[in-house]
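Everything on this sheet refers to the single structure shown next.
The values are calculated or read from the model by the stated rules, or taken from the named source; none is laboratory data. Computed from a predicted model, the values in this text were never measured in an experiment. Reconstructed Cβ throughout: ideal geometry from the backbone, glycine too, with neighbour counts over all protein chains shown. Just the protein is used for accessible areas: all its heavy atoms, side chains included, with ligands, DNA and RNA removed. Shrake-Rupley method; radii C 1.70, N 1.55, O 1.52, S 1.80 Å.
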Amino acid sequence: MKRHEDLERLRNMSDADLKEEAVRLKESLFRLNFKLALGEVDAVKTVRREKKTLARVQTMMRERQQAEK
């Protein structure tokens, strides 16, 4: 159920908001990977969730580009 709500939230975003969300997710992933490498955090689930969300955002951006053509 939570994933469905997240998908609806992403679908309702504008193109600019999706780009901002992608940048935010990339930054978050970088920080999480850095913390994992240092052994500070055991956040494998968080990394996995962020990667999947980033992939969803990128897919939606690509779908919108294809629809414009």
Test: residue in segment 43-54 that is out of contact with any Asp or Glu (no Cβ under 6 Å at 6 or more places or on another chain), hydroxyl-bearing (Ser, Thr, Tyr) and surrounded by 12 or more Cβ atoms within 10 Å (Cβ to Cβ): yes
Any hit, segment 48-61, residues being more than 15 Å from LEU7 (Cβ to Cβ), among the small types (Gly, Ala, Ser) and assigned to a helix (DSSP H, G or I): no
Residue among LEU32, LEU18, LEU10, LEU38 that alone is open to solvent by 100 Å² or more (accessible area, probe 1.4 Å) and either touching a residue at least 40 places away in the same chain (Cβ under 8 Å) or over 9 Å from the mean Cα position of the chain (by Cα) (or both): LEU38
Long-range neighbours under 6 Å by Cβ, at least six apart or interchain, first residue within 14 Å of GLU27 (Cα to Cα) within segment 42-55, second polar (S, T, N, Q): GLU50/SER28
